[in-house]
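The values are calculated or read from the model by the stated rules, or taken from the named source; none is laboratory data. Worth saying up front: this structure is predicted, and the values here are computed from it rather than measured. A quick note on method: Cβ atoms are made from the backbone with ideal geometry, for glycine too, and the neighbour counts reach across all protein chains shown. Heads up: the accessible areas ignore ligands, DNA and RNA and are worked out on the full protein's heavy atoms, side chains in. Shrake-Rupley method; radii C 1.70, N 1.55, O 1.52, S 1.80 Å.
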Amino acid sequence: MTQTVLKFENVSTAYGKVQALEDVSLEVNEGEIVTLIGANGAGKTTLLMSLCGDPQPQKGKVFYDGEEITGKPTSEIMRNGIAIVPEGRRIFSRMTVEENLNMGGFFTSKEDYDEALKYVFRLFPRLEERFDQRGGTMSGGEQQMVAIARALMSKPNLLLLDEPSLGLAPIVIQQIFEVIEQLRAQGMTIFLVEQNANQALKLADRGYVLENGKIVMHDSGDNLLVNEDVRKAYLGG
Amino acid sequence: MIKHTMKALGVAAIALAVAACSEKADEPKEAIKIAVAGPFSGPLAQFGEMQISGAKKAVADLNAAGGLLERPVELVELDDVCEPKQATTVANQVVSAEISFVIGHLCSSSTLPASDVYEDAGVVMITPASTNPEITERGYEYVFRTVGRDDQQGPFAAGVVKSLAPTNVAVVHDKSAYGEGLASQVNENLKSMGVNVVMYEAITAGEADYSPLIAKLKAESIDLMFFGGYDPELAKIMRQGRDGGWTGQFVGGDGVSNNKIVEAAGEAADGLIATQPKSYDGEASNAALVAEFEALGVNASDTFVLPSYAAVMALSEAITAAGTADTAAVKDALRKQVFSTAVGNIQWDGKGDIVGGENTFAAYLWKKDGTAELKTF
Amino acid sequence: MADQFYLFIQQLFNGFTLGSAYALIAIGYTMVYGIIGMINFAHGEVYMISSYIGFIVIAALMMMGVDSAFLLITGAMIVAITLTSVYGFSIERVAYRPVRGQNRLIALISAIGMSIFLQNYVRVGQSSRDIAMPPLVEGGWTFGNPDGFEATLTYMRVVIWVITIAAMIALTLFVTRTKMGRACRACSEDLGMTNLLGINTNFIIALTFAIGAAMAAVAGVLLGTFYGVINPYVGFILGLKAFTAAVLGGIGSIPGAMLGGMLLGIAEAMTAGYLSAEYKDVVSFGLLILVLLFRPYGILGKPEVEKV
C-alpha cells in the first residue's frame, strides 16, 4: 500500500496583498515523481514555499507523512525528511562544496552522512573533484549539482525541486533530469516544479497544472503530454 | 426683637474680627527661594556636592536664626550636569518658577549661557566657582562671584610653574570654556615670563587612551605639564603617564584640585601641584563653622564649600540691608558694602568681581594619601 | 635618529593596544550586521558593562584574599564573558526580535534606546563618577636611549595583545571549522536558505549577539583594568570608533573588523603622536571617508545582495 507522503488540502496563501494560491489540493505518493507545471507567476514557487512554511498558508492544511505541518516554523518542517532544491539554487557561494554539503547534512548522523556523501559522489563525480572549490566560482550547472547534492545529504524522504532547469544549457538539463530519474529509481519521492513542461511531464508519473494560483488540471504525466490545451499553453502547440 | 438682632450682629462682627486676626497670624510667610544650580550628577558631581553642602548649611543657619526678612529661606536644587544646554534649561526653569536668587552655576561653560538668561530676567546670580573672566566682562549687573578669575589664576599658576624652574613645559587643555581659558592664560603668562613652552595642545575629554600624548611628552623632553581641565581627565593622564615612564611634574588648576583625583589616579597623583581658590578652613574665624560642617560630614576644606556658604550669607546680608527681596535693590546692595564672609572680606566691584581677587588663589601639593598641603612658591 | 625610531615603536605599541580594543568590539557590530543587516547601537554598552563587572569581580576576589593578577583577570573575564553573553542573547530577544522585519528605523531607535537605558541603568546603580582601580600588572620592558627617548612596553600591554590575538584565533577557528560557526556564516549569507535546511536561525542570530558580546567583554575587562578608570559613558565613544573600524574594514566581514580595528588604532596613535591629539578624530574619520570613496564596501567587504 503506497503512502501519501505529501498532501495539500484546500490551501490558500497570500503573498502580501496578492492572493497567490487559492484552494489548492494535491497529493504526492511514495515513490512517485509528481510535477507541477504552469506559467511564470502562476504561483508554483509560492506553493513549494508554502509547504515549507514561508509564507504560512492562510487557509487549508498541509500534511506530510500523515501529520499536519501547517503553521509549523520552517526550520522544524525541514528537519523531518523533506529537502528542497530551491529556485535559483541558493548555494552558499562563499563556502566550498564540502561546506555546502555539510550544511545539507547538518543533522545527519556520521554514518548516514558518509553514506550520503558516497552516493552523491557517484551521482556527481565532478563534485568530488571540486570538493574544496568555493561555490561562487562554479558554473551554473555545477552549482545546480551542488544544490541537489546538498539536499540529498540529509537523506530525505521527499525531495522538492523548484525549476532545476532554469538558466542551464540543454545538455546540462539533460544530465539533471537523468539524475532525477536515477533518484526515483532508488525509491525517492519527488515533487518537481518546472517551467520546462516537456521534460517534466515525460519524467513524471502524475502532473498538476497551476494557473493563477488554482489547480486547473490533474492527470497522469503521459495524458497531460498529449492533452490539447496543455500542448497549446505549455508545450508549444 | 431688635435686641436679638443687635446681639447677633455683634457676635457676627466679633467672630469676623477674630477670624480676620487669626487668619493673619496663621498665614505662612512666603519663603524666599534660592536656587542652587550645578552638576549634581555626571562626572563632575563631586564639585556639585561641595557647592550644595555649603549652600544647604548656610540656608539652615539662616532659618535657625529666624529666616530672612522674617521669611523662611528655601533652597531649590537644580542639576545642570555641567552641560551648557542643560544649564540654559535650568536657567529658564528658575525664571519660570519665579525664583530670584541663584547660587551657581559651577562650570564656566554652564555659567556663561545661564547668566544671559538671569541678566535678562533680573535674577541675581552669585557663582561660587566659575572662574572664566568673560562671565563678568559683559556689563551685566546681576552677576557676581565669590572666587577669583582665571586671568588672575592664570598669572598665579604661571608664577608657580616658573618657580619650579622647568626646562621644557607642555600646556594641555580639554577644550572646555574653563580649561582652555585657564590654559591660554597660563600659556601667555609663561611666555612673557620667559619660560620655555614647547607644547600647547588639546585633548578630548572622555577619551580612554592618552598614551600617544605621553609618548609625545617623553619625546619632547617635557619635564612639566600644566593641565587646564577637570580631574577625571588629568587622573587618566597622570596614571598613563607614570605607566608610560614619564617622570615629570604635573600642575593643574582648581578643576583638578580635589581628592577624587587621588582616588582615580592612586599613586600617580602623588606630587601633583594644583592652584585653586584659597582654602579658608584654617582661618581661626572659621573654626566654629568648620567644626559644624565636620559634624555634618562635610569637609570644609573642599574647594567650593566655603565660597558657596559665603555666597548665600553675603546675599542674605544684602537682602537684609536692602530691606526687600526685590532684585534691583539687592544687586545694588551687594555693591554698597564690604561683606565679612567665610572666605574673607568681599567687596564687589562694578563688574561683579571681588576686589583684590588676584590674592584669592593658593597652590596645594597633593599626596597619595588624599591630603593636600598648602605650598608657597 | 635612533630616538625617532623608538618613538615610532612606542606609538606603534600604543596603536596596537587601542587597536585591540577597537577590533574586539568591532567584531560584534560586524557579525550582527552580517547576519541580520542591523547595526546594534547598544553594543558599545557591552564593553562598559563588562568593565564594571570586571571591576566588581576583581574587587570581590581581592577582598577574599586573591592577589595573583593572573587569577584576578581570568576570574573577571570568565564572569564577564558569561554574563555579557547571556545579556547579548537576551537583548536580541527583548529589543530586536520583536521589531525584526519591520521598518529598519524602528530597530535603529530600539537599539539607541537600549544604549541610553543601559548607560543610565549603570549610572543609577553605580554613580556617574569615574571608578578607579589600582594597576594589577605592573612593570614592563624599556628599551631605547636613556638619554634620549625610552620606549616602554608594559607587561599589561603584552597581556592585552596576547589575549586579543588568542580570542581572534578562537573566533576564526569557531567560524571556519565548527558546525555552529558554519551555520553562522550560512545565516549571514542567506538566512532564508539556512532556515530551509532545518536550522533554527533564531537561535543562530541570538548566538551571534552572544559571541559579539563575549568579544566586547574580553576588551572591557582587559582595557578596563589597563586604563584603570571607568564610568558609565566609556562605551559610547569606544563603540562609535569601533563601529567606524568595522565599516572601514568592511561591515559584515569578521577579518575586516579585526583589520579595521587595528588600522584605526594605529592611525589614531600615530596622529596623536606626530600631529596632535586634536586631529586624531579628523584623521580617523578622514581615513574612513577615503576608503569608502575608493572601496565602498570597506577594505575587505564584498558587495551584498540587499538583505530583507
The residue that is nearest to the other protein chains (Cβ to nearest Cβ), considering only those in the stretch C:11-34 that are more than 30 Å from residue C:210 (Cβ to Cβ) and open to solvent by 10 Å² or more (accessible area, probe 1.4 Å), is C:13
Out of all the residues in the stretch B:256-274, which are touching a Leu at 6+ places or on another chain (Cβ under 8 Å), part of a loop (DSSP other than H, G, I, E, B) and within 14 Å of chain C (Cβ to nearest Cβ)? B:256
For residue B:243, are the conditions met, namely being at the interface with chain C (Cβ under 9 Å from one of its Cβ atoms) and open to solvent by 30 Å² or more (accessible area, probe 1.4 Å)? yes
Checklist (1) touching a residue at least 24 places away in the same chain (Cβ under 8 Å); (2) surrounded by fewer than 24 Cβ atoms within 10 Å (Cβ to Cβ); (3) away from chain A (no Cβ under 11 Å) applied to residue C:180, failing item: (3)
Residue by residue through the stretch A:116-136, note down the ones that are touching a Lys or Arg at 6+ places or on another chain (Cβ under 8 Å) and either surrounded by fewer than 19 Cβ atoms within 10 Å (Cβ to Cβ) or of a type in the set (Asp, Glu) (or both). A:134, A:136
In the set B:142, B:200, the lone residue that is among the aromatic types (Phe, Trp, Tyr), in contact with a strand residue (DSSP E or B) (Cβ under 9 Å, 6 or more places away or on another chain) and farther than 30 Å from residue C:268 by Cα is B:142
Scan B:15, B:58 and give me the residue that is closer than 30 Å to residue B:304 by Cα and either aliphatic (A, V, I, L, M) or modelled with pLDDT under 55 (or both). B:58
Scanning the stretch A:70-94 for residues that are closer than 21 Å to residue A:164 by Cα, more than 7 Å from every other protein chain (Cβ to nearest Cβ) and touching a strand residue (DSSP E or B) at 6+ places or on another chain (Cβ under 9 Å) gives A:81, A:82, A:83, A:85, A:87, A:88, A:93
Determine, yes or no, whether residue C:191 is within 14 Å of chain A (Cβ to nearest Cβ), under 23 Å from residue C:37 (Cβ atoms) and touching a residue at least 24 places away in the same chain (Cβ under 8 Å). yes
Among (1) part of a loop (DSSP other than H, G, I, E, B); (2) without any contact (Cβ under 8 Å) to a residue 24 or more places away in the chain; (3) more than 14 Å from every other protein chain (Cβ to nearest Cβ), residue A:131 falls short only on (2)
Number of positions in the stretch C:115-136 that are facing another protein chain (nearest Cβ under 10 Å), under 24 Å from residue C:67 (Cα atoms) and either not acidic (Asp, Glu) or not in a loop (DSSP other than H, G, I, E, B) (or both): 5
Out of all the residues in the stretch B:178-191, is one or more at negative phi and in a loop (DSSP other than H, G, I, E, B)? no
Would you mind stating whether residue C:140 is within 10 Å of chain A (Cβ to nearest Cβ) and open to solvent by less than 60 Å² (accessible area, probe 1.4 Å)? no
From the list A:167, A:207, which residue is more than 19 Å from residue A:151 (Cα to Cα) and surrounded by 18 or more Cβ atoms within 10 Å (Cβ to Cβ)? A:207
Of all the residues that make up the stretch B:20-39, how many are open to solvent by 50 Å² or more (accessible area, probe 1.4 Å) and either modelled with pLDDT under 85 or under 20 Å from residue C:127 (Cβ atoms) (or both)? 9
The one condition residue C:67 fails out of (1) closer than 27 Å to residue C:191 by Cα; (2) not in a helix (DSSP H, G or I) is (1)
Answer yes if at least one residue in the stretch B:221-228 is open to solvent by 20 Å² or more (accessible area, probe 1.4 Å) and at the interface with another protein chain (Cβ under 7 Å from one of its Cβ atoms), and no otherwise. no
Can you tell me which residue within the stretch B:192-220, out of those that are farther than 20 Å from residue B:238 by Cα, open to solvent by 30 Å² or more (accessible area, probe 1.4 Å) and not in a helix (DSSP H, G or I), is nearest to the other protein chains (Cβ to nearest Cβ)? B:196
Exactly one of B:206, B:248, B:241, B:228 is closer than 30 Å to residue B:345 by Cβ and in contact with a helix residue (DSSP H, G or I) (Cβ under 8 Å, 6 or more places away or on another chain), and that residue is B:228
At least 1 residues that are open to solvent by 40 Å² or more (accessible area, probe 1.4 Å) and not β-branched (Val, Ile, Thr) in each: list the strands (runs of 3 or more DSSP E) lying fully within the stretch A:14-94 that qualify. A:18-29, A:59-64
Counting only strands (runs of 3 or more DSSP E) wholly inside the stretch A:180-237, the ones holding at least 2 residues that are closer than 18 Å to residue A:85 by Cα are A:189-194
Would it be correct to say that residue B:175 is open to solvent by 30 Å² or more (accessible area, probe 1.4 Å), assigned to a loop (DSSP other than H, G, I, E, B) and not polar (S, T, N, Q)? yes
Could you tell me which numbered condition residue C:276 fails, if it satisfies all but one of (1) over 17 Å from the mean Cα position of the chain (by Cα); (2) buried (at least 20 other Cβ atoms within 10 Å of the Cβ)? (2)
Which condition number in (1) closer than 30 Å to residue B:39 by Cα; (2) touching a residue at least 24 places away in the same chain (Cβ under 8 Å) is the one that residue C:156 fails? (1)
Taking the stretch B:68-84, which residues are within 18 Å of residue B:316 (Cα to Cα) and either outside the structural domain of residue B:106 (by TED's automatic domain parsing) or not in a strand (DSSP E or B) (or both)? B:69, B:70, B:72
Which helices (runs of 4 or more DSSP H) sit wholly inside the stretch B:275-377 and have at least 1 residues that are hydrophobic (A, V, I, L, M, F, W, C) and touching a Gly at 6+ places or on another chain (Cβ under 7 Å)? B:305-322, B:327-336
Selection from the stretch C:146-177 of residues that are within 11 Å of chain B (Cβ to nearest Cβ) and surrounded by fewer than 13 Cβ atoms within 10 Å (Cβ to Cβ): C:146, C:147
Pick out the one residue from B:318, B:325 that is modelled with pLDDT under 90, closer than 19 Å to residue B:101 by Cα, assigned by TED's automatic domain parsing to the domain that holds residue B:50 and over 17 Å from the mean Cα position of the chain (by Cα). B:325
